[in-house]
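Working notes, beginning with the structure itself.
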Amino acid sequence: MKKEEEIKMLKAFADANATSGFEEEFVKLFTETVKNYADIKIDGMLNVYAAKKQNKAHRPIIQLDAHSDAVGFITQAVRPNGLIKFVPLGGWVKYNIPALRVKIRNRDGEYIPGVVATKPPHFMTEAERNNVPDIADMSIDVGSSSREETINDYKIDTGCPIFVDVKCEYNDKTGLFFGKDFDDRFGAAAMADVLQELKDEQTNFNIVAALSSQEEVGLRGAYVTAREVKPDLAIVLESCPADDTFTPDWLSQTGLKRGPMLRDMDTSFLPNPKFQQYACDVADKNHIPYTRSVRTGGGQDGAAIYYENGAPTIVIGIPVRYEHSPYCFSAYHDFKAAVDLAVAIIRDMTEEKLASFSNF
């Protein structure tokens, strides 16, 4: 895929409205992107299975994984004054939410703009100025003046999904994207790019790119895709939080323009060590930059896929600054290196090398 096409795809993917349980818009966009070089199936959970068109029967399978959902919110109830009480979908911290611009998909499928309401400083007590309210005490304002108006005129009530409303920008001089939902739209874009890169090639393995739903609320879709695909090997393409703005150099393991991150540990996952080292060796051989990381927080789909049937699994992470916030930075350099590494692994993989990952 040409760079201009990749940038257009990344911006469109980031701008799509899709949070956990409400992934329809992005599922449609992803399937439109890959339909010319993959056979598509979608299940009732909105997991997408994109099987490379050149796949053949009775061959081992490499499952690629990325997830379609991003952190967002859901309407819990409408308050008497018309403001909306909401609940987070995924891992938000409360100080990233006040004054956030959002859009709510109402009962008619229309997007209604709103803002996480804040009291003007003129009316705040000293204690209020120095504290962030709990999420349970926050509200979203869509301009309504009563509960009846919000429900009857704006068509917003319990269960309506709420999305971050930020447009993605790309700076050609710096090579940086700025926007929302890079976790995991950039991983999904990498997966689409891998399929396109390999579209006319015969590989030693069948390739199934699984776009999983509901990762941000418990890796739920990946458990289903792993059971369906039954992979012999898995490569997770994830967007991962960068630590280069708040961690000393000697400890920083994920930074912009340093290449993708190969994850050695998080709270949910330890990779197959031989597959992990193999991936590092492939990167070195092909002069692809990368980092390795040991994380004391976080989790991702690799855990669910690995748990299901023990298929050797690694995570190739694209660094994102300020993940799980409304405003993120990510570098085209790191995205492209992640694609290059996944493609290099697939082209190099053989059944003998696969067998070596469990031969101790």
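Of the residues 81, 47, only one is at pLDDT 95 or above, under 30 Å from residue 198 (Cα atoms) and among the polar types (S, T, N, Q); which?
47
Which residues, taken from region 326-340, are more than 28 Å from residue 196 (Cα to Cα) and either in a helix (DSSP H, G or I) or open to solvent by less than 10 Å² (accessible area, probe 1.4 Å) (or both)?
Scanning region 326-340 gives a single hit, 326.
Kindly provide the set of residues from region 155-165 that are hydrophobic (A, V, I, L, M, F, W, C) and open to solvent by 20 Å² or more (accessible area, probe 1.4 Å), ordered by number.
Matches in region 155-165: none.
Each row is one residue, and each column tells you yes or no for (1) open to solvent by less than 10 Å² (accessible area, probe 1.4 Å); (2) within 20 Å of residue 234 (Cβ to Cβ); (3) of a type outside the set (A, V, I, L, M, F, W, C); (4) part of a strand (DSSP E or B).
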{"residue": "5", "(1), (2), (3), (4)": "no, no, yes, no"}
{"residue": "25", "(1), (2), (3), (4)": "no, no, yes, no"}
{"residue": "31", "(1), (2), (3), (4)": "no, no, yes, no"}
{"residue": "36", "(1), (2), (3), (4)": "no, no, yes, no"}
{"residue": "41", "(1), (2), (3), (4)": "no, yes, yes, yes"}
{"residue": "45", "(1), (2), (3), (4)": "no, yes, no, no"}
{"residue": "51", "(1), (2), (3), (4)": "no, yes, no, yes"}
{"residue": "54", "(1), (2), (3), (4)": "no, yes, yes, no"}
{"residue": "65", "(1), (2), (3), (4)": "yes, yes, yes, yes"}
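Please work out which residue is surrounded by the most Cβ atoms within 10 Å (Cβ to Cβ), limiting yourself to region 265-281 and to residues that are more than 16 Å from residue 355 (Cα to Cα) and not aromatic (Phe, Trp, Tyr).
266
For the list (1) outside any loop (DSSP other than H, G, I, E, B); (2) touching a Pro at 6+ places or on another chain (Cβ under 6 Å), I need the number of the one condition that residue 323 fails.
Every condition holds for residue 323 apart from (1).
Of all the residues that make up region 123-154, how many are among the acidic types (Asp, Glu) and surrounded by 15 or more Cβ atoms within 10 Å (Cβ to Cβ)? Break it down stepwise before answering.
Taking region 123-154 as the starting set, the residues that turn out to be among the acidic types (Asp, Glu) are 126, 128, 134, 137, 141, 148-149, 153.
Okay, now just the ones that are also surrounded by 15 or more Cβ atoms within 10 Å (Cβ to Cβ), so 141, 149.
Of the residues in region 123-154, 2 are among the acidic types (Asp, Glu) and surrounded by 15 or more Cβ atoms within 10 Å (Cβ to Cβ).
Would you check if residue 125 is at pLDDT below 95, hydroxyl-bearing (Ser, Thr, Tyr) and over 30 Å from residue 63 (Cα atoms)? Steps first, please.
Values: at pLDDT below 95: yes; hydroxyl-bearing (Ser, Thr, Tyr): yes; over 30 Å from residue 63 (Cα atoms): yes.
Against the criterion (at pLDDT below 95, hydroxyl-bearing (Ser, Thr, Tyr) and over 30 Å from residue 63 (Cα atoms)), residue 125 qualifies.
Confirm whether residue 228 is surrounded by fewer than 17 Cβ atoms within 10 Å (Cβ to Cβ), assigned to a helix (DSSP H, G or I) and out of contact with any Lys or Arg (no Cβ under 8 Å at 6 or more places or on another chain).
The answer is yes for residue 228.
Kindly list the number of the only condition in (1) surrounded by fewer than 21 Cβ atoms within 10 Å (Cβ to Cβ); (2) touching a residue at least 12 places away in the same chain (Cβ under 8 Å); (3) among the small types (Gly, Ala, Ser) that fails for residue 14.
(1)
Cβ contacts < 7 Å: first residue touching a residue at least 24 places away in the same chain (Cβ under 8 Å), restricted to region 154-175; second residue hydroxyl-bearing (Ser, Thr, Tyr) and open to solvent by 70 Å² or more (accessible area, probe 1.4 Å), any location; separation 6+ or different chain. Result?
Every condition considered, the pairs that remain are 166/327.
So how many residues does region 166-210 have that are of a type in the set (A, V, I, L, M, F, W, C), part of a strand (DSSP E or B) and open to solvent by 10 Å² or more (accessible area, probe 1.4 Å)? Walk me through how you get there before you give the answer.
Looking only at region 166-210, we keep the residues that are of a type in the set (A, V, I, L, M, F, W, C), and these are 166, 168, 176-178, 182, 186, 188-192, 194-195, 198, 205, 207-210.
Those still in the list that are part of a strand (DSSP E or B) too: 176-178, 207-210.
Restricting the remaining residues to those that are open to solvent by 10 Å² or more (accessible area, probe 1.4 Å) gives 176, 178, 208.
Number satisfying all stated conditions: 3.
The values are calculated or read from the model by the stated rules, or taken from the named source; none is laboratory data. Remember, predicted model here, so these are calculated numbers, not experimental data. Neighbour counts run over all protein chains shown; Cβ positions are idealised from the backbone, glycine included. Heavy atoms of the whole protein, side chains included, go into the accessibility calculation; ligands, DNA and RNA do not. Shrake-Rupley method; radii C 1.70, N 1.55, O 1.52, S 1.80 Å.
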